[in-house]
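Worksheet: the structure to be examined is printed underneath.
The values are calculated or read from the model by the stated rules, or taken from the named source; none is laboratory data. Since we're looking at a predicted model, the values are computed, not measured. Note that each Cβ is placed from the backbone with ideal geometry, even for glycine, and that neighbours are counted across all protein chains shown.
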Amino acid sequence: MRHELDAIFRPRSVAVIGASTRKGTIGRETLHNILTAEYNGKVFPVNPRAQVIHSIKAYSTVLDVPDAVDLAIIIVPKEGVKEVVRQCGEKGVKGLVIITAGFSEVGHEGKVREMEVLKVVRDYHMRMVGPNCFGVVNTDPEVNLNATFGKTFPKLGKIGFITQSGAMGEAIMSQAKEMGIGFSVVASIGNKADISSNDMLEYFKDDPNTDVILMYLENFGNPRNFTRIAREVSQVKPIVAVKSGRTKLGAKAASSHTGALAGLDVGVDALFEQAGIMRVDTVEELFDVAMALSSQPIPKGNRVVVVTNAGGPGILATDALINHGMDMPNLAPQTIKELRTFSSTEASFSNPMDMVAGAGPKEFRLTLEAIKKDKRFDTIIPIFVPPVTIDQLEVARNIGAALEDTDKTVLACFMGAGEGSAGIEHLKSLGIPVYIFPEAIAKTLSTINSYKDWRSRKRGKIQTFKVDTERVQSIIARAAGRKEGAIVGDEAIDILDAYGIPAASYQYASSAKDAVVAANTIGYPVVLKIASPAVLHKTEAGGVKIDLRSDSEVRRAYKELEKAVGKLKKGQTFSVAVQQMITGGVETVIGMTTDPQFGPLLMFGLGGIYVEIMKDVSFRIHPLTNQGAKEMIKSIKSYPLLTGFRGAPPVDLAIIEETLLRLAQLVKDFDNFLEIDINPFIASPERDRCKAVDARFIVRGTK
């Protein structure tokens, strides 16, 4: 065996421990599936109360089996699993699939039971899928293993499928078979006590029978390992995933289902983006992308041409493609010249190319033969709306004949063709995916194009800077001594300064007279802020006065802030921070939040008072490379504001990138911070005017 998991997915012999004589039981159906799939290996039913099962000699225990056993499928009551696993270890079994439920997914008692089983597995150096799983499948004709209790044995294909949910696995396999999508290996990993999605990704990376990987996930075991492994695999094989638990209630359901905590969905998005995983929102989209990847080449670019016999679908396709970031260039003059030799005078020689309703098999073939030679396009989308008078199958044959030798990506759309269309089935047999509506093609192409761009990106490097760690350590120690949850004001600015992050400095004043002196020292205009760690969101509390341009305005602002705070507790004194007002530029936010599962998430986006309304922010899982910093900035919707909008000069993007990297180094050097909020950070065209105006740090253990 070339890989240790081959004992599970390419076994030479299988023991079904808990095989049953009663129809309808999991033990009976699993054994039945192994036999009806015509598994190419030895099968040993194990049941102490039966001599023969399914016309095959049964054994009391796995230890009684006379031959070597590579894989044991365990379907016994949960209380007996540990002993059965121990017997498998003594027998020399290399792989286990534990279908039995009642482990970590049911609570603490089940978790303890699961850990006891796992200890036995590791003591005997076995590998285990499950517990609480649906089973495994390998469609390779040399194996033909269907070790599940479901009703579907999938078609042979090049897609590897990982699922945490057995029910979802069965449903997806069933639907895929109807759609003509085949699988290489299917693994229902259940509670992932031993073999996780990380292990499966590494297995699929080297599996010659797997070209595309699909995943249905509910949570992650080790997100950091997952990111590293997935990034490596995505470089050579595309990964498409549905991750459930986007909402709080969904995450709670996922948690109770699998016995593990679900993380913030924003962390999932960041992880998938960094690892090059194509995240889709629905199982339907999973199939859409899988159809394209499993039978067509990844497009070389985002340039698309649409050829149709109906104007309406052409317009729908155009809107959807453009809205999903695809490009639709005009036809080349040479292409138009060739098209005019045979096309109707009513045809539109543009993109989309509308051949009008009378176009039939011949028109589709001639048009596509001309367009496939046009070097302006990477993807061709034939859209056919079948009139009663035109043979769908004949159109499909001509589409296939015209495009059989093209190296471009071809995704077809047959609108209103009906169930079981012979034309659709013909195109599928040629490896041309067929979609019901053009919007699905647009979303699919956008998803795949993002993956293509990711794969061609530079990986980037983690940068380090000369910083003052001792200064930050002393500030953190003082905050811990005060038992305050936040570091704000001049201490927050000091932390930024220690790490080379530019910030507008403070002067403090405990009287209106002192505030005027400070304002004159700094230079007008100035800003006055309440200087109290208890007031974190100063704007909401009315604790900020901006654009003060005279001594009288400063005195009045001081009194208004003092009144806004109200009566202070015993021992407290009122003071304000006087700060230079930074005008011009774009208000951005730079920060970090700690996800319980993914760790530190770095953030960048549109800042100021609009950050919680607009929510135009991007996240990356720590650590952050220089390339990652560039991508964070470019990925926000407000990016045009930074590059120069309506004649405005572009801001200094380099200082934003450097600030993100310096913050990443701070997060690496100190694990004390739960949250960091630099808001706003003024991004200006002039480097010396790019500064943090305010910051706060929430310290671990004091929040």
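With respect to residue 135, determine if the residue is surrounded by 17 or more Cβ atoms within 10 Å (Cβ to Cβ), assigned by TED's automatic domain parsing to the domain that holds residue 189 and modelled with pLDDT of 95 or more. I'd like the intermediate steps shown before the answer.
On the way: surrounded by 17 or more Cβ atoms within 10 Å (Cβ to Cβ): yes; assigned by TED's automatic domain parsing to the domain that holds residue 189: yes; modelled with pLDDT of 95 or more: yes.
Answer is yes for this residue.
Taking the stated definitions as given, is residue 457 modelled with pLDDT under 95 and over 38 Å from the mean Cα position of the chain (by Cα)?
The answer is no for residue 457.
Which condition does residue 76 not pass, out of (1) of a type in the set (A, V, I, L, M); (2) surrounded by 24 or more Cβ atoms within 10 Å (Cβ to Cβ); (3) assigned to a loop (DSSP other than H, G, I, E, B), if it passes all the others?
It fails just one condition, (2).
Given the criteria buried (at least 18 other Cβ atoms within 10 Å of the Cβ) and among the charged types (D, E, K, R), does residue 482 qualify?
no
Among residues belonging to segment 560-616 that are of a type in the set (Lys, Arg) and in the same structural domain as residue 545 (by TED's automatic domain parsing), point out the one that is modelled with the highest pLDDT. Lay out the reasoning, then the answer.
Kept after step one, since they are of a type in the set (Lys, Arg), are these residues of segment 560-616: 563, 567, 569-570, 615.
So of that shortlist, the ones also in the same structural domain as residue 545 (by TED's automatic domain parsing) come out as 563, 567, 569-570.
Working: 563: 85, 567: 68, 569: 62, 570: 64.
The extreme case among them is 563.
Given the conditions (1) in a loop (DSSP other than H, G, I, E, B); (2) out of contact with any Gly (no Cβ under 7 Å at 6 or more places or on another chain); (3) within 16 Å of residue 14 (Cβ to Cβ), which single one is not true for residue 101?
(3) is the only condition that residue 101 fails.
Among the numbered criteria (1) within 41 Å of the chain's Cα centre (by Cα); (2) at pLDDT 95 or above, which one does residue 348 miss?
(2)
Mind checking which pairs have a first residue in segment 305-328 that is closer than 13 Å to residue 412 by Cα and touching a residue at least 40 places away in the same chain (Cβ under 8 Å) and a second that is surrounded by 24 or more Cβ atoms within 10 Å (Cβ to Cβ) and among the acidic types (Asp, Glu), Cβ under 6 Å, 6 or more apart or different chains?
308/354; 314/354
Just checking, which of 470, 491 is surrounded by 14 or more Cβ atoms within 10 Å (Cβ to Cβ), farther than 30 Å from residue 182 by Cα and free of Cβ contacts under 8 Å to residues at least 24 places away in the same chain?
491
Between 364, 342, which is touching a helix residue (DSSP H, G or I) at 6+ places or on another chain (Cβ under 7 Å), in contact (Cβ under 8 Å) with a residue 24 or more places away in the chain, part of a helix (DSSP H, G or I) and not polar (S, T, N, Q)?
Going through 364, 342 in turn, just one is touching a helix residue (DSSP H, G or I) at 6+ places or on another chain (Cβ under 7 Å), in contact (Cβ under 8 Å) with a residue 24 or more places away in the chain, part of a helix (DSSP H, G or I) and not polar (S, T, N, Q): 364.
Here's the yes/no breakdown for (1) at pLDDT 95 or above; (2) surrounded by fewer than 19 Cβ atoms within 10 Å (Cβ to Cβ):
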| position | (1), (2) |
| --- | --- |
| 301 | yes, yes |
| 307 | yes, no |
| 321 | yes, no |
| 327 | yes, yes |
| 330 | yes, yes |
| 334 | yes, yes |
| 342 | no, yes |
| 356 | no, yes |
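Conditions tested, residue by residue: (1) outside any loop (DSSP other than H, G, I, E, B); (2) touching a residue at least 12 places away in the same chain (Cβ under 8 Å); (3) over 23 Å from the mean Cα position of the chain (by Cα).
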| position | (1), (2), (3) |
| --- | --- |
| 113 | yes, yes, yes |
| 119 | yes, no, yes |
| 153 | no, yes, yes |
| 172 | yes, yes, no |
| 178 | yes, no, yes |
| 183 | yes, yes, no |
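Any idea which of 191, 146 is part of a loop (DSSP other than H, G, I, E, B), surrounded by 24 or more Cβ atoms within 10 Å (Cβ to Cβ) and among the polar types (S, T, N, Q)?
On inspection, the qualifying residue turns out to be 191.
Mind telling me which of the residues 477, 486 ends up being touching a Lys or Arg at 6+ places or on another chain (Cβ under 6 Å), at pLDDT below 95 and over 29 Å from residue 273 (Cα atoms)?
486
Show me the helices (runs of 4 or more DSSP H) entirely contained within segment 442-538 in which 2 or more residues are basic (Lys, Arg).
469-482
Can you tell me which residue is nearest to residue 301 (Cα to Cα) among those in segment 326-339 that are in a helix (DSSP H, G or I) and hydrophobic (A, V, I, L, M, F, W, C)?
Going through the qualifying residues, I end up with 336.
What is the residue count in segment 328-343 for residues that are within 19 Å of residue 317 (Cβ to Cβ) and within 38 Å of the chain's Cα centre (by Cα)?
Here the count works out to 4.
(1) at pLDDT below 95; (2) polar (S, T, N, Q); (3) in a helix (DSSP H, G or I): which one isn't true of residue 659, the others all being true?
With (1) at pLDDT below 95; (2) polar (S, T, N, Q); (3) in a helix (DSSP H, G or I) applied to residue 659, the lone miss is (1).
What number of residues within segment 52-68 are polar (S, T, N, Q) and at positive phi?
Taking segment 52-68 as the starting set, the residues that turn out to be polar (S, T, N, Q) are 55, 60-61.
Checking which are at positive phi leaves us with 55.
Of the residues in that region, 1 qualify.
Conditions tested, residue by residue: (1) under 24 Å from residue 113 (Cβ atoms); (2) surrounded by fewer than 22 Cβ atoms within 10 Å (Cβ to Cβ); (3) in contact (Cβ under 8 Å) with a residue 40 or more places away in the chain; (4) within 38 Å of the chain's Cα centre (by Cα).
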| position | (1), (2), (3), (4) |
| --- | --- |
| 4 | no, yes, yes, yes |
| 16 | yes, no, yes, yes |
| 23 | no, yes, no, no |
| 27 | yes, no, yes, yes |
| 32 | no, yes, no, yes |
| 36 | no, yes, yes, yes |
| 63 | yes, yes, no, no |
| 68 | no, yes, yes, no |
| 72 | yes, no, yes, yes |
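Do we have any residue at all in segment 220-236 that's crowded, with 20+ Cβ neighbours inside 10 Å, modelled with pLDDT of 95 or more and over 19 Å from residue 164 (Cβ atoms)?
There is at least one residue in segment 220-236 that is crowded, with 20+ Cβ neighbours inside 10 Å, modelled with pLDDT of 95 or more and over 19 Å from residue 164 (Cβ atoms).
Scan (1) farther than 19 Å from residue 290 by Cβ; (2) under 25 Å from the mean Cα position of the chain (by Cα); (3) at pLDDT 90 or above for the single condition residue 143 breaks and write down its number.
(2)
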